[in-house]
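Q: Handing you this structure, nothing more for now.
Please treat every number below as a calculation from the coordinates, not as lab data. Computed from a predicted model, the values in this text were never measured in an experiment. Glycine gets a Cβ as well: all are built from the backbone with ideal geometry, and neighbour counts include every protein chain shown.
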C-alpha cells in the first residue's frame, strides 16, 4: 500500500525563508512611487515606514537569498508546522490517469489556512519595532482571522476593518477574530475620514475592499504606535510563505519523488509563491518542472457562444482558454491575454510569469467547485473555495497526462480548509452559482425594459 | 422597471472571498460598477449588454476599457490619499 502522508519532525522546520528575488534571471523592475512615477527614493521609504514597521520595509526590499527566521517565530510555527504532505490516492483513483498526486496540507494551522505563515512574522516584526497596534482590512475574514491569531500571540492589539457586506453575511470568521481578541468592525465606519465620507453619501453603504483598505491605512497613519498589515501581494509576504515549499521538497525527497508539475492557486499570489518559489529556484538552476498558477477567471469564452462551447467537457473540469474578447464592440483589458497583466497578483509572481517560469491557467468557479466537491468526496477534506482552483488545475493536468499517455507526479498546495466557507458550497450545491437560467427571450425582455432609463455616470 | 433586473444573480467575489449579488457589484464603487463586473458576470447573463444599456458610453469606457491598476498600485494610491486626508485634517 502506498504511503498516505509524510510528517516531518520539528527539527526539519526551515530556519530561513527563501527569497526568489535573488535568483530571477532578470531582476524585477522596482515599484514606482505613485506620487512621482519614479523608483523609490529615501522619502518614499520613509513614507512606507509610516505604514509598515521599518524592519519589514527593509525585508520588502532585500536582495538576500536567505533570510533567517527568528526563534520566536519558529516557536509559534511549531504549533502546526511542519505541515503534513498527503498523497491524494483517492483522487488519483477517481481520475484514472497515469499520475501521482501529492498535496501540502496548509489547512492544519489554527485559522485553517496558509495565511498565518506571514501573519505571525508580521506581528513579530511589529512587536520588536515597538508597535502596539496593527490595522488591516479583510473581505470574508481569511486574512483578518490569521492576523488576529498572530497578534494575540504577541500581545498586540489588532483592529480589523471587515467589509460590511461580509460582516453581515459571514459571522464565523468575525467570531474567530473576536475570540482571538481582535476588534473587528464593519467598514465603512464613522471612525475614519474615509469611512465618514462614504457614510455621508450613503449611510447604508455595504462597503468595499477599497474602502476597508482606506480606513485601515488611515488609522495606521494617524497613530505613531500603529502600523498596517497586508496579507498578500508584497514581497515579504511571499518570502514568509516559502516555508511551505521548503518543507514539501524535504517530504517529496523522503518519498524518493520530485514533482513534474507544481500547482498553486493564485489570487494575491502568496500561497502559490509559498509552495512554488523553492521549486522555481530549481527550475532556474536547470531542473525540469512545470509550475502552474491557477487563478479565477470570468472571461473564458466567445461571448455569444453556446454554453457547451465554453468548456471542454460537460463537467466543466477543463481549463478555460486564456484569450478572449467580450464580444461585438468591446475589447477587454488583457488580463489573461498577450501582455499578461495580472492586476491582482503579487509583483514577484507576475514577474515569474513574464520570465516564463510560471504558466498561468484560469478556471471558472463552476469548474473549481466541481473539483472541490470531487476532492472532498475522494479525500475527505473539504477545501477552501480558493483552494478549489488548484484542484481544478490538478484535474486538468491529470487529464492532459492521460491524453498524452505520460506518467506525471503532481504536487499542489492545499492552501486551506473550507469549513468556514460552507455557505459557498451551499451556493454552489443549490445552484445559485450556475448560469442565469432565464430563457433568452426573458433576458431580452428585461434588457428592453431598461433601455429607456436615464443613463448612469 | 428599474436597473435591478439582474440584481439577484450571485457569484463568489474573488476579491472579497465571499458570495455577492450583482446588485452589490453594479454599485460598489460610489454607485458605479466594479471594474471586474464584466468579467465576473459574463458567464451569468449578457452583462456587457446590460451595462451598455444603463451606463453612459464614456462611463462604460472609463470603467471597463482602461487597464486595471495593479493591486500594489491601488494600495499605493490609497496610502497617498490617506496621507493627504490626514494632512488636510491637520
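Q: Among A:377, A:173, rank each residue by its count of other Cβ atoms within 10 Å, from fewest to most, as a rough exposure measure.
A: Fewest-to-most ranking of A:377, A:173: A:377, A:173.
Q: In whole Å, what is the distance between the alpha-carbon centres of segment A:12-85 and segment A:397-457?
A: Their Cα centres are 35 Å away from one another.
Q: Give me Rg over Rh for segment A:116-230, both radii from the alpha carbons and Rh done the Kirkwood way, two decimal places.
A: Taking Rh as the inverse mean 1/r over Cα pairs, Rg/Rh reads 0.97.
Q: Residue A:93 to residue A:354: FRET efficiency via 1/(1 + (r/R0)^6), r the Cβ-Cβ distance, R0 22 Å, to the nearest 0.05?
A: 0.05
Q: While we're looking at this one, here's another question. Residue A:430 to residue A:378: FRET efficiency via 1/(1 + (r/R0)^6), r the Cβ-Cβ distance, R0 22 Å, to the nearest 0.05?
A: Once the sixth-power term is evaluated, E becomes 0.50.
Q: In degrees from 0 to 90, rounded to the nearest 10, what is the angle of the helix B:71-89 Cα long axis to the longest principal axis of chain B?
A: Approximately 50 degrees, to the nearest ten.
Q: If packing is taken as the mean number of other Cβ atoms within 10 Å per residue, what is the order of A:251-264, A:43-56, highest first?
A: Ranked by mean Cβ neighbours within 10 Å, highest first: A:251-264, A:43-56.
Q: Label points 7 Å out from Cα along the Cβ direction at residue A:407 and residue A:257: separation in nm?
A: Taking the two extended label points, one gets 1.3 nm.
Q: Determine which residues of segment A:176-197 fall in the zone a paramagnetic label at residue B:88 would reach in this model, i.e. backbone nitrogen under 13 Å from the point 7 Å along Cα→Cβ.
A: A:193-197
Q: Next question. Using a 7 Å offset from the Cα along the Cα-to-Cβ direction at both residue A:78 and residue A:26, what is the distance between the two label points in nm, to one decimal?
A: Reported label-point gap for residue A:78 and residue A:26 is 4.5 nm.
Q: Run through the DSSP bridge list for the protein assembly as shown and note the antiparallel percent, rounded to the nearest 5.
A: That works out to approximately 30 percent antiparallel.
Q: Pick from B:36, B:74, B:26: which is most flexible by mean-square fluctuation in a GNM of chain B where alpha carbon atoms under 10 Å apart are linked?
A: Highest fluctuation among the options: B:74.
Q: Here's another thing I want to ask about it. Take every Cα-Cα pair in segment B:3-89 and report what % of them are more than 15 Å apart.
A: Looking at segment B:3-89, the distances longer than 15 Å represent 64 percent of pairs.
Q: In peptide A:204-213, how many Cβ atoms from other protein chains are near each Cβ within 10 Å, on average?
A: Partner-chain Cβ atoms within 10 Å, mean over residues of A:204-213: 5.
Q: Let me ask you something else. Using a simple spin-label model with points 7 Å from Cα along the Cα→Cβ vector, what separation in nm is obtained for residue B:2 and residue A:199?
A: Each label point lies 7 Å from its Cα, and together they span 2.4 nm.
Q: Could you work out the mean count of beta carbons from other protein chains within 10 Å of each residue's beta carbon in B:32-45?
A: What the average comes to for B:32-45 is 6.
Q: For peptide A:161-170, compute the average count of partner chain beta-carbon atoms within 10 Å of each residue's beta-carbon.
A: Across the residues of A:161-170, the mean count of other-chain Cβ atoms within 10 Å is 3.
Q: What does the highest-first list of B:76-88, A:136-148, A:106-118 look like by mean Cβ count within 10 Å?
A: So the peptides B:76-88, A:136-148, A:106-118, ranked by packing, come out A:136-148, A:106-118, B:76-88.
Q: Taking N as the number of residues in segment A:402-457, what is its Cα Rg relative to 2.2 N^0.38 Å?
A: Here the Cα radius of gyration is 2.11 times the empirical estimate.
Q: Report Rg/Rh for the protein assembly as shown, rounded to two decimals, where Rg is the Cα radius of gyration and Rh the Kirkwood radius.
A: Taking Rh as the inverse mean 1/r over Cα pairs, Rg/Rh reads 0.95.
Q: Would you mind classifying segment A:21-121 by shape? Square roots of the alpha carbon gyration tensor eigenvalues, ordered a ≥ b ≥ c; an a/c under 1.5 is rounded, otherwise it is prolate if a/b is larger than b/c and oblate if not.
A: prolate
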